[in-house]
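Participant: For reference, the structure I am asking about is given below.
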Amino acid sequence: MYDLIIKNGEIIDGTGKASYISDIGIIDDEIIEIKENIQEDSHQRIDASGLVVCPGFIDIDSHSDFSLYSIPYAESKIRQGVTTEIIGQGGRTLGPINQRRLPELKQYTKSYVQDRNIKDYWNWETQYEFINRLKGKKTSVNIASLVGYGSIRIAVMGFSAIEPTDLQLKRMSELLEVELKNGIHGLSFGFDNSPDSLASFDEILQMAKIVKKYDAICTIHMREEGVHLLESVNEAIEICKASKVKLQISHLKAAHPQNWGKVKKAIQLINKAKQQGLNIDYDVYPYVSYESVLNDVLPPWLREFSPWKIVEFLKDKQTRKKVINEMLDSNSTWNPLIGSSWSQITITSLKLEENKELIGLDINEIATLLNKSPHDVVIDLLIAEEGVIKIIFAAMIETDLEEVMKQPMAIYSSDGLAVSPDGCYNNVKVHPRYYGTFPRVLGRYVREKQLISIEDAIRKMTLLPAMKMNIKDRGILEKGFKADITIFDRSTIADTATFQEPHQYPIGINAVIVNGRLVVCDNKHKRIRPGVVIKRI
């Protein structure tokens, strides 16, 4: 007897092959049979007539390690068909922890962590120990984790800008090896922010070679996605070439008008590297606005410091004047506001109660409300909020996005957290990608724009990320594979989350199955947590 039979579904198996009609039989957490007209009995049965049945989506660029501890049901992800999340991205993770450096780690992760008052929070020493805590709590999605280099560097030397000593470098290497030996899938870099941005090429290369030794993966949030996009792509390629490590560029884009169109050259560079035998790819989310921190509008020399140090600088009158003058310099090459407007930057999260009325407003609106210049608004808010403010910046263009999405190597990802409308992030105007990424691909870019075929889109959300992460038993509908399955209506699937009202679930997702257990059915979460921790093989 089967535990679950899915009847008469349109099977899109994740390989890119054409769909076909069949049944699927599941026992425990495994797909046992795929054939027409399964006659045997089952404990549960789903009639998938007229619906697409495909592998559960694998989110290769997720930050849900910062939310799953308090939101283990992972509502915003599971409700859009995600069954596996690759967490630990962008250099920032909750481990390893050096208790002496914990205040600096808290500063480093402040823009993501909302609920810090949960009992025993921060009471672990390594990223893999934290992941084991999540395993004990149980989650509705599967998780596979990287470790962040910024967190490793903070554990050893904080935000120090000096070159590490041989002893410090040895200690950072040891911390990385401990994580990899305990099943962590690889190392993430966040070169856009300190302390990752402070590391020399030789230091980065030493870490990448360790990752290669374990046949793991490096992911890179590039140093710059605007004026210096191509230099940043070349840096990623050089790391890959020199270390031979498997590498993934996170959320490829060209931000700000003066850089639009550069994605074509970036793609050419990556394709040339692939033709030379390098294992390098990228992921992309289907939106033309990015989520970041307000520090992005500050001069580069200032962004090299910790949030605390940035606030100290901004409190100094002479430094404040210098910063404003640099922000006003129309000849600068770094300034993201050149060609853009303050109205394109929206505040999404503030900690102080007296500032929360400003959430959801753009910088121009706040300047008018407070009768200040936009530059003074930015500096005053950063001082008040201790140097960390989340923003959304409308900075990309649709033609670039489509160019990036349609490439064969593109993997679709959310770059977001698992949240819920009633969880601890409910007062944050999160990016709508947290709720809508995968349905948006299938609704807007497959059905409406016909940018790519449905089979190719599903391949980019299932088998491609599974192959990149070396996850061998998921990402495809085939006998013997784990029963992670998403069932949806191709004629109605769509995202509903907006920048104004982001906490809204998509439509058209009929069922989501994780390890053979029906987690979402008839537009409802069944409040079960069958997800597992997937360790590196």
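Throughout, read-outs are computed from the coordinates displayed, never taken from laboratory work. If you're wondering where the values come from, they're calculated on a predicted model, not measured in any experiment. Cβ: placed from backbone, ideal geometry, glycine included. Neighbour counts: every protein chain shown.
Participant: May I ask for the angle, rounded to the nearest 10°, between helix 229-243 and the longest principal axis of the chain, with both axes built from Cα atoms and the value confined to 0 to 90°?
Facilitator: Helix 229-243 sits roughly 70 degrees off the main axis of the chain.
Participant: Would you indicate which of (i) 68, 40, 22; (ii) 38, 25, 23; (iii) 49, 28, 22 is the value of semi-axes √(5λ) of the Cα gyration tensor in Å derived from the coordinates of this structure?
Facilitator: (ii)
Participant: So who's got an amide H within less than 5 Å of the one on His251, skipping anything under 5 residues away but keeping other chains? H placed 1.01 Å off N, in plane.
Facilitator: Asp283, Val284
Participant: Using the Karplus curve 6.51 cos²θ - 1.76 cosθ + 1.60 with θ = phi - 60°, what ³J(HN,Hα) values do you get for each residue of segment 353-370, in whole Hz, with x for Gly and Pro?
Facilitator: These are the phi-based 3J(HN,Hα) values: 4, 5, 9, 5, 5, 8, 4, x, 9, 8, 4, 4, 5, 5, 4, 5, 4, 9 Hz.
Participant: Here is a further query. Convert each backbone phi in segment 483-495 into a coupling constant with the Karplus relation 6.51 cos²θ - 1.76 cosθ + 1.60 (shift: θ = phi - 60°), then list the ³J(HN,Hα) values in order as whole Hz, x for Gly and Pro.
Facilitator: 8, 9, 9, 10, 10, 9, 9, 5, 7, 10, 4, 6, 7
Participant: Treating the angle as unsigned and between 0 and 90°, give the value, to the nearest 10°, between the Cα long axis of helix 374-384 and the longest Cα principal axis of the chain.
Facilitator: 80
Participant: Would you pull out the residues with amide H under 5 Å of Leu187's amide H, same chain only if 5 or more places away, H placed 1.01 Å from N?
Facilitator: Val147, Ile217, Cys218, Thr219
Participant: For Lys119, which lysines qualify as cross-link partners when the Cα separation must be under 17 Å and same-chain residues fewer than eight apart are set aside?
Facilitator: Result set, ordered by chain and number: Lys106, Lys135, Lys137, Lys138.
Participant: While we're here: Relative to the longest principal axis of the C-alpha atoms of the chain, give the angle of the C-alpha long axis of helix 166-181, reported between 0 and 90° and rounded to the nearest 10°.
Facilitator: Around 20 degrees separate the two axes.
Participant: From the helices alone, meaning DSSP H stretches of at least four residues, give me the mean residue ellipticity at 222 nm for the chain, per-run term -39500 (n - 2.57), in deg cm²/dmol to the nearest 500.
Facilitator: Details: 17 runs with 164 residues, N = 537.
It comes out at -9000 deg cm²/dmol, rounded to the nearest 500.
Participant: Let me ask something else about it. Can you pull the one-decimal nm distance between simple spin-label points at Trp308 and Asn8, each 7 Å off the Cα toward Cβ?
Facilitator: Once both label points are built, they end up 6.5 nm from each other.
Participant: How large is ³J(HN,Hα), in whole Hz, for each residue of segment 91-104 in order, when computed from phi with the Karplus curve 6.51 cos²θ - 1.76 cosθ + 1.60 and θ = phi - 60°, using x for Gly and Pro?
Facilitator: For segment 91-104, the Karplus curve yields x, 9, 9, 8, x, x, 10, 9, 4, 5, 9, 4, x, 6 Hz.
Participant: Greater than 21 Å separation of Cα atoms is the criterion. Which listed pairs, Lys406/Lys535; Lys390/Lys526; Lys272/Lys468; Lys110/Lys321; Lys209/Lys246, meet it? Walk me through the intermediate numbers first.
Facilitator: Details: Lys406/Lys535 31 Å; Lys390/Lys526 32 Å; Lys272/Lys468 19 Å; Lys110/Lys321 27 Å; Lys209/Lys246 10 Å.
In this structure, Lys406/Lys535; Lys390/Lys526; Lys110/Lys321 exceed 21 Å between Cα atoms.
Participant: Same structure again: Find which of Asn123, Gly480, Ser22 sits farthest along the positive direction of the dipole of the chain, computed with +1 on the beta-carbon of Lys and Arg, -1 on that of Asp and Glu, about the Cα centre.
Facilitator: The one lying farthest along the dipole's positive direction is Asn123.
Participant: How large is the dipole of the chain about the Cα centre if only Lys and Arg carry +1 and Asp and Glu carry -1, each at its Cβ, rounded to the nearest 20 debye?
Facilitator: 720
Participant: Can you tell me the dipole magnitude for segment 294-392 around its Cα centre, using point charges on the Cβ only (Lys, Arg +1; Asp, Glu -1), in Debye to the nearest 20?
Facilitator: The calculated dipole for segment 294-392 is roughly 240 debye.
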